[in-house]
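See below for the structure under consideration.
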């Protein structure tokens, strides 16, 4: 199973200690024109000493280190595993600023656990990502409890026909007149994760909305898929901007990348790497999830949580939630509902075992955390949306984005939602995010016909997971009546007057919560209190749904209609309804 | 409604007259009584729907064993049909209802059918086996089900079609009119 994840996961595991020095600015030149198999990087790093300092701690270089100088004086280097120390000529006092000059040249080597690669250098394609395990292609401060943000620039010299993209920055290109061009990406925002792609890449651009470039290597099939992705991103980015704030980038760049890469998609600032295998038929289902990476521009880049247990929620849960919310706005709620169902179902039934579980607020890095954080977590955000209302939730989320990197946390989020909506989400956080599992809710309908219509009483009972379950009453003339079933402390009830007997009652058809519904009368999936042809139709409409064996595959599986528990909605379930009606 | 009252009045009138007239009144009286007490079994159907609809007919050829049939017409593309036929249990009861393969063959895996027999409430369902199986066009009247009835008592009672829903493969509903009717049962229960 390939995972669509972000680069941020491993970073937090490697940060350590406090900073003695502060990187202010880093100007990089990257030579991709001289040797098609090697890279030469020169770095000029402006540094301010925070304390009296006699050595620098730097991430291990991904490219062989040629020279390192402090204010023109060569430094002695000592290898220390994933980092190295560079002894300064003498103690530099706090408050002093100086320039560190570094030259790296040769074959790049960016190891990643499991033998994956996070950088590639060839004549046609070069991509260099931030370091995961060891090996940084630029100079990276290895001190500090957080990564050292700074401004700077990346100037890439390469064959003139080639293309390049870096971190959502619109490049300035200069033709050097010798068959090479230099693409300069200047960043005046504070960042610590630097990445670029360059090479013989074709380009498509978004048709509408936000400026998105899609760089790719491949045939027209790849081009068409990339065009679809950038068009979607062009529409989604303004939605995220309106909801939670404008991004700090001028454009977003999608690019294909190849080789044994660890993730299907990786978002670094405004640069999104997409593994080439997702363009193949076998993995084409991942295409629909690409905007998850776009959402990381807000959830992971513009803000994230300093706490490792909350980091995943504010990065992965939120990115997944955001993607499906935008799908709903652009393509209709049915599309959004599909994503919610798929995520909820994968968490509920896709885990290795029913007892294998972890809270949503758990550190990333384990297989079970994928289920809880990505799949349960994103659906829980939708549960919170139902509880506080979209405006209330968005106020809380905007507050988190405004808090910036390392600024997001659950307590402030709950406070911000409460201030905006008057709804205290604390019980939701305690049970849904800090707890494990999901509720199985037994729904008992009672529908009484009257002279002027009918009165439906819908009761629910199960484990104590607070939620506001939307429901729809479908009338046979096509009329739809919508309401909400409040569910708290393990029970809930709603009474609603209807103009006639209902054709069907659909409880939480949009999957706003991770829950399993169980009708009090076996087979009564239409929740009208009896088993009849209405139930047969409901099951038949879901016919063919099957629990997927792969993450992110939509099997259109809804367990409510899987009456025989076969994980497939098929003839057996139709027969179960028929038998129950006899 | 007019039709309902006529046989009832005839019946009441006959009873009254048979008690008030002398027994030696001869053949005329007997003939008069026979004409009034013989209740003709029948089924007076409500006007058939002009558009998409479900209606009921009842064959009373055998007055002791009327047979109700349920029909569908002018529905256009149909994925599934669900309905109930409700009876006045004090007059008639249903048994052995049989649904017809109106949406395709069950044995060939095209459709699935449901019959929930009850003495006074027969639930019927017909559905295609999944949206991929598509819909079946219903225009001309199609027999949906046959419901043999047992007479419980003399008299007239309504046969109704209730809780009808007709849906397409996308889950949408087709608005349906229904028509039941008045069933008059005769003979000895």
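Would you please name the residue that is farthest from residue A:440 (Cα to Cα), looking only at residues in segment A:485-504 that are within 14 Å of chain B (Cβ to nearest Cβ) and part of a strand (DSSP E or B)?
Taking segment A:485-504 and keeping what is within 14 Å of chain B (Cβ to nearest Cβ), we get A:498-504.
Imposing the further condition that a residue be part of a strand (DSSP E or B) reduces the set to A:498, A:504.
On the way: A:498: 27, A:504: 21 Å.
Filtering first and then ranking leaves A:498.
Go through (1) at pLDDT 95 or above; (2) within 12 Å of chain A (Cβ to nearest Cβ) and name the single condition residue B:160 misses.
Failed condition: (2).
Could you list, in sequence order, all residues of segment A:123-150 that are closer than 24 Å to residue A:294 by Cβ and in a strand (DSSP E or B)?
If the condition is that a residue be closer than 24 Å to residue A:294 by Cβ and in a strand (DSSP E or B), then A:125, A:126, A:127, A:128 are the ones that fit.
So which residues in segment A:475-484 are within 14 Å of chain B (Cβ to nearest Cβ), farther than 17 Å from residue A:449 by Cβ and assigned to a strand (DSSP E or B)?
Residue satisfying the conditions is A:480 alone.
Please return the ranges of strands (runs of 3 or more DSSP E) entirely within segment A:183-244 where 2 or more residues are under 20 Å from the mean Cα position of the chain (by Cα), in the same structural domain as residue A:62 (by TED's automatic domain parsing) and under 24 Å from residue A:121 (Cα atoms).
Details: elements: A:196-199, A:202-205, A:212-216.
Here the list reads A:212-216.
Conditions tested, residue by residue: (1) over 16 Å from the mean Cα position of the chain (by Cα); (2) within 18 Å of residue A:549 (Cα to Cα); (3) not in a helix (DSSP H, G or I).
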position: A:348; (1), (2), (3): yes, yes, no
position: A:355; (1), (2), (3): yes, no, yes
position: A:358; (1), (2), (3): yes, no, yes
position: A:368; (1), (2), (3): yes, yes, no
position: A:385; (1), (2), (3): yes, no, no
position: A:417; (1), (2), (3): yes, no, no
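Can you work out which of the residues in segment A:135-171 that are over 16 Å from residue A:181 (Cα atoms) and surrounded by fewer than 18 Cβ atoms within 10 Å (Cβ to Cβ) is modelled with the highest pLDDT?
Filtering segment A:135-171 for residues that are over 16 Å from residue A:181 (Cα atoms) and surrounded by fewer than 18 Cβ atoms within 10 Å (Cβ to Cβ), the one modelled with the highest pLDDT comes out as A:151.
Residue check, residue A:444 against (1) surrounded by fewer than 19 Cβ atoms within 10 Å (Cβ to Cβ); (2) within 18 Å of residue A:341 (Cβ to Cβ), all met but one. Which one?
The number of the failed condition is (2).
Kindly evaluate residue A:85 against the criterion of being free of Cβ contacts under 8 Å to residues at least 40 places away in the same chain, surrounded by fewer than 18 Cβ atoms within 10 Å (Cβ to Cβ) and either touching a strand residue (DSSP E or B) at 6+ places or on another chain (Cβ under 8 Å) or closer than 30 Å to residue A:200 by Cα (or both).
Values: free of Cβ contacts under 8 Å to residues at least 40 places away in the same chain: yes; surrounded by fewer than 18 Cβ atoms within 10 Å (Cβ to Cβ): yes; either touching a strand residue (DSSP E or B) at 6+ places or on another chain (Cβ under 8 Å) or closer than 30 Å to residue A:200 by Cα (or both): yes.
Considered against the rule, which asks whether it is free of Cβ contacts under 8 Å to residues at least 40 places away in the same chain, surrounded by fewer than 18 Cβ atoms within 10 Å (Cβ to Cβ) and either touching a strand residue (DSSP E or B) at 6+ places or on another chain (Cβ under 8 Å) or closer than 30 Å to residue A:200 by Cα (or both), residue A:85 comes out as yes.
Considering each residue of segment A:459-474, count those that are within 13 Å of chain B (Cβ to nearest Cβ) and either within 16 Å of residue A:380 (Cβ to Cβ) or surrounded by 19 or more Cβ atoms within 10 Å (Cβ to Cβ) (or both), and give that number. Quick ask: steps written out before the conclusion?
If we filter segment A:459-474 for residues that are within 13 Å of chain B (Cβ to nearest Cβ), which is where we start, we get A:472-474.
Checking which are either within 16 Å of residue A:380 (Cβ to Cβ) or surrounded by 19 or more Cβ atoms within 10 Å (Cβ to Cβ) (or both) leaves us with A:473-474.
Within segment A:459-474, residues that are within 13 Å of chain B (Cβ to nearest Cβ) and either within 16 Å of residue A:380 (Cβ to Cβ) or surrounded by 19 or more Cβ atoms within 10 Å (Cβ to Cβ) (or both) number 2.
Given the conditions (1) facing chain A (nearest Cβ under 7 Å); (2) under 20 Å from residue A:524 (Cα atoms), and given that residue B:122 satisfies all but one, which numbered condition is not satisfied?
If we test residue B:122 against (1) facing chain A (nearest Cβ under 7 Å); (2) under 20 Å from residue A:524 (Cα atoms), just (1) comes out false.
Can you name every one of the strands (runs of 3 or more DSSP E) wholly within segment B:124-189 that holds 3 or more residues which are buried (at least 20 other Cβ atoms within 10 Å of the Cβ)?
Numbers: elements: B:136-138, B:142-151, B:155-167, B:177-179, B:181-185.
Passing ranges, in order: B:142-151, B:155-167, B:181-185.
Every residue, every condition in (1) surrounded by 15 or more Cβ atoms within 10 Å (Cβ to Cβ); (2) modelled with pLDDT of 95 or more; (3) not assigned by TED's automatic domain parsing to the domain that holds residue B:127, yes or no:
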residue: B:62; (1), (2), (3): no, no, no
residue: B:76; (1), (2), (3): no, yes, no
residue: B:79; (1), (2), (3): yes, yes, no
residue: B:82; (1), (2), (3): yes, yes, no
residue: B:87; (1), (2), (3): yes, yes, no
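Can you find a residue that is outside any loop (DSSP other than H, G, I, E, B), over 17 Å from residue A:382 (Cα atoms), within 14 Å of chain B (Cβ to nearest Cβ) and at pLDDT 95 or above anywhere in segment A:508-523? Outline the logic, then answer.
So the first thing to find is which residues in segment A:508-523 are outside any loop (DSSP other than H, G, I, E, B), and the list is A:516-519.
Checking which are over 17 Å from residue A:382 (Cα atoms) leaves us with A:517-519.
Next cut, within 14 Å of chain B (Cβ to nearest Cβ) only: none.
Scanning segment A:508-523 turns up no residue that is outside any loop (DSSP other than H, G, I, E, B), over 17 Å from residue A:382 (Cα atoms), within 14 Å of chain B (Cβ to nearest Cβ) and at pLDDT 95 or above.
Could you tell me which numbered condition residue A:538 fails, if it satisfies all but one of (1) buried (at least 22 other Cβ atoms within 10 Å of the Cβ); (2) over 19 Å from residue B:103 (Cα atoms); (3) more than 8 Å from chain B (Cβ to nearest Cβ)?
Evaluating residue A:538 over (1) buried (at least 22 other Cβ atoms within 10 Å of the Cβ); (2) over 19 Å from residue B:103 (Cα atoms); (3) more than 8 Å from chain B (Cβ to nearest Cβ) leaves (2) as the failure.
Does residue B:114 fit the bill of being crowded, with 18+ Cβ neighbours inside 10 Å, in a loop (DSSP other than H, G, I, E, B) and either on the phi < 0 side of the Ramachandran plot or at pLDDT 95 or above (or both)? Working first, answer last.
On the way: crowded, with 18+ Cβ neighbours inside 10 Å: yes; in a loop (DSSP other than H, G, I, E, B): no; either on the phi < 0 side of the Ramachandran plot or at pLDDT 95 or above (or both): yes.
Against the criterion (crowded, with 18+ Cβ neighbours inside 10 Å, in a loop (DSSP other than H, G, I, E, B) and either on the phi < 0 side of the Ramachandran plot or at pLDDT 95 or above (or both)), residue B:114 does not qualify.
Do we have residue B:131 as facing chain A (nearest Cβ under 8 Å) and free of Cβ contacts under 8 Å to residues at least 40 places away in the same chain here?
On the way: facing chain A (nearest Cβ under 8 Å): yes; free of Cβ contacts under 8 Å to residues at least 40 places away in the same chain: no.
Against the criterion (facing chain A (nearest Cβ under 8 Å) and free of Cβ contacts under 8 Å to residues at least 40 places away in the same chain), residue B:131 does not qualify.
In the list B:139, B:86, which residue meets the criterion of being on the phi < 0 side of the Ramachandran plot and more than 12 Å from chain A (Cβ to nearest Cβ)? Break it down into steps so the answer makes sense when it comes.
Working: B:86 fails: more than 12 Å from chain A (Cβ to nearest Cβ).
Step by step, each of B:139, B:86 is checked, and only B:139 is on the phi < 0 side of the Ramachandran plot and more than 12 Å from chain A (Cβ to nearest Cβ).
Are any residues in segment A:425-472 closer than 21 Å to residue A:514 by Cβ, out of contact with any strand residue (DSSP E or B) (no Cβ under 6 Å at 6 or more places or on another chain) and part of a loop (DSSP other than H, G, I, E, B), and if so, which ones?
A:425, A:434, A:435, A:436, A:437, A:438, A:463, A:464, A:465
Please enumerate the residues belonging to segment A:541-576 that are in a helix (DSSP H, G or I) and within 12 Å of chain B (Cβ to nearest Cβ). Spell out how you get there, then give the answer.
Pass one, segment A:541-576, residues in a helix (DSSP H, G or I): A:541, A:559-561, A:571-576.
A:541, A:561, A:571, A:572, A:573, A:574, A:575, A:576 - these are the residues of segment A:541-576 that are in a helix (DSSP H, G or I) and within 12 Å of chain B (Cβ to nearest Cβ).
Find the residue count for segment A:265-290, including only residues that are without any contact (Cβ under 8 Å) to a residue 60 or more places away in the chain, touching a strand residue (DSSP E or B) at 6+ places or on another chain (Cβ under 7 Å) and not in a strand (DSSP E or B).
The qualifying residues number 1.
The values are calculated or read from the model by the stated rules, or taken from the named source; none is laboratory data. Not measured: the values here are computed from a predicted model. Cβ sites come from the backbone with ideal geometry, for glycine too, and all protein chains shown count toward neighbours.
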